[in-house]
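The values are calculated or read from the model by the stated rules, or taken from the named source; none is laboratory data. Because the structure is predicted, anything quoted here is derived from the model rather than measured. Note that each Cβ is placed from the backbone with ideal geometry, even for glycine, and that neighbours are counted across all protein chains shown.
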Amino acid sequence: MKYISTRGQSPAIGFSDILLGGLAPDGGLYLPVHYPQLSDADLSAMRGLNYRDLAFYILSRLIDDIPAVDLKAIIDKTYRAEVYGFTRAGQNAEDITPTLKLEHNLYLLSLSNGPTLAFKDMAMQLLGNLFEYVLKKRNETTNILGATSGDTGSAAEYAMRGKEGVRVFMLSPYQKMSRFQTAQMFSLQDDNIFNIAVKGVFDDAQDMVKAVSNDSLFKAKYKIGAVNSINWGRIVAQVVYYFKGYFAVTQNNAQKVDFAVPSGNFGNVCAGHIARMMGLPINKLVVATNENDVLDEFFKTGIYRPRGAANTYQTSSPSMDISKASNFERFVYDLVGRDGAKVRELWSSVDKGGAFEIKELLPQLADYGFVSGSSSHANRMQTIRETKAKYNVVIDTHTADGLKVALHYLSQPQRNKDIPMLVLETAQPAKFEDAIVVALGQVPERPASLNNIEDLPQKFEVMDASVDAIKDFIVTKSQ
């Protein structure tokens, strides 16, 4: 399996090469030359597999430059009950991503049972083990440069801490994460972990990462790698749980399923798009945004209009406070018929701070199963309260955005009531304690091992949103 850039000007290369690189040399994102097609017989063979075996069945079709026996060992090492053990009462940690039934044909898909209590662990734990394997095979080192709005950073750092040959430089928006998220990252004292708090919003930090990645000389000299969802390894790992969720709520392959996905950077729902392209019977992918509703605007109007820092709102679902959805380029590449020249044309406007309009392709969105909606602070507070009252289940603010938009879609008269809806649970409530207290008047439960994490000493640097500043910092710490 070879991988090509969405911008069409980079050579096709193997998985292990793109694993370490992040962005393609032409500034695009990697996708497989073609999506492996899984037949009805494949779906039947996968139905009933445990998470590890299911992951191998899918990932071995996308990763063929790592010997199968080694890939299986990496997957088995990653998806263990000991790693994903922060489950709700009554759930089996061996399921890795257990489903929780709220009512007939309405479920939560639990993705936040990993060490940092967020869905990012599902991919990041695998990525950490893949990085260590490939670097050791090649006798190389890497400097991971990433940006986070809260969850990616902690997931990456917990996956990479202590890994041989890896340094992590993680940018986050200064004083714009929850106290728990901040403590998870900044309390790590490992010598290979460097936290940088950027004076600005997430998009400023993400722009810094992209600028460094686009400097080919600097990237090569300092071996810059990526763990943000621009990294294909992240996306491909997330494809697996769409299959797992589908099999959990269906009895045969003729049934279809809807997924509602809280979305900021489009990585999580992009994995759903890829699962659908591979043959998973998905009816609708319901994209849920918060007040930063750039994606909702696109799916309703055909206009993609990223916003600057001044117009990116700080909300009570902070991991979605993003106005430039990096992975959106992967979907648009498929939408425009895999035309790299067209993608370059569209993103030349975005890269200059502008927008683009492809209203003529709106009818084709239905072919890909996308619908969308947005949620506000009042919406998510109400959804949290109603979910607790009706189901005795406490959800975090991001999951609340997903559930709110899912319920709105379910209320539409044309919607087929026989199709199950799975809402992707993206984090545990403990990560957003202050918001849960506002909604419910009670402190959410957290694992005992994470009690008082906010009181631990913190190690971080404050930095202006400057590409030169982060380059200098990397140079200094790499000596």
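Being touching a strand residue (DSSP E or B) at 6+ places or on another chain (Cβ under 6 Å) and in a helix (DSSP H, G or I) is true for just one of LEU54, LEU20, LEU71, LEU43. Which residue is that?
Criteria check complete, one pass: LEU20.
Only one of ASP334, ASP321 is over 25 Å from TYR30 (Cβ atoms) and within 20 Å of the chain's Cα centre (by Cα); which?
Details: ASP334 fails: over 25 Å from TYR30 (Cβ atoms).
Result of the check over ASP334, ASP321: ASP321.
Under 16 Å from the mean Cα position of the chain (by Cα) and in a loop (DSSP other than H, G, I, E, B): does that describe SER154?
no
Go through (1) of a type in the set (Val, Ile, Thr); (2) in a helix (DSSP H, G or I); (3) modelled with pLDDT of 95 or more for VAL134 and report which single condition fails.
Single failed check for VAL134: (3).
Could you check how many residues of region 12-69 are of a type in the set (Ser, Thr, Tyr) and either without any contact (Cβ under 8 Å) to a residue 40 or more places away in the chain or under 27 Å from VAL83 (Cα atoms) (or both)?
Result for region 12-69: 4.
Scan region 168-187 for residues that are crowded, with 23+ Cβ neighbours inside 10 Å, in contact with a Lys or Arg (Cβ under 9 Å, 6 or more places away or on another chain) and either at positive phi or part of a loop (DSSP other than H, G, I, E, B) (or both) and report the count.
1
Among the acidic types (Asp, Glu), modelled with pLDDT of 90 or more and under 17 Å from ARG234 (Cβ atoms), is that true of GLU140?
For GLU140, the condition - among the acidic types (Asp, Glu), modelled with pLDDT of 90 or more and under 17 Å from ARG234 (Cβ atoms) - is not met.
What are the residues in region 249-270 that are in contact with a strand residue (DSSP E or B) (Cβ under 9 Å, 6 or more places away or on another chain) and under 23 Å from PRO318 (Cβ atoms), if any?
Passing the criteria: PHE259, ALA260, VAL261, PRO262, SER263, GLY264, PHE266, ASN268, VAL269.
Here are some conditions: (1) small (Gly, Ala, Ser); (2) surrounded by fewer than 23 Cβ atoms within 10 Å (Cβ to Cβ); (3) modelled with pLDDT of 95 or more. GLY272 meets all but one. Which one does it not meet?
(2)
Pick out the one residue from ASP190, ASP203, ASP151 that is surrounded by fewer than 22 Cβ atoms within 10 Å (Cβ to Cβ) and in contact with a Lys or Arg (Cβ under 9 Å, 6 or more places away or on another chain).
The match here is ASP190.
Would you please name the residue that is nearest to LEU410 (Cα to Cα), looking only at residues in region 74-110 that are among the aliphatic types (A, V, I, L, M), out of contact with any Leu (no Cβ under 6 Å at 6 or more places or on another chain) and not in a helix (DSSP H, G or I)?
This residue is LEU106.
Name the one entry in LEU424, LEU407, LEU403 that is in a strand (DSSP E or B) and not charged (D, E, K, R).
The unique qualifying residue is LEU424.
Please work out which one of (1) among the hydrophobic types (A, V, I, L, M, F, W, C); (2) crowded, with 17+ Cβ neighbours inside 10 Å; (3) over 21 Å from LEU130 (Cα atoms) is the condition ALA93 fails and give its number.
With (1) among the hydrophobic types (A, V, I, L, M, F, W, C); (2) crowded, with 17+ Cβ neighbours inside 10 Å; (3) over 21 Å from LEU130 (Cα atoms) applied to ALA93, the lone miss is (2).
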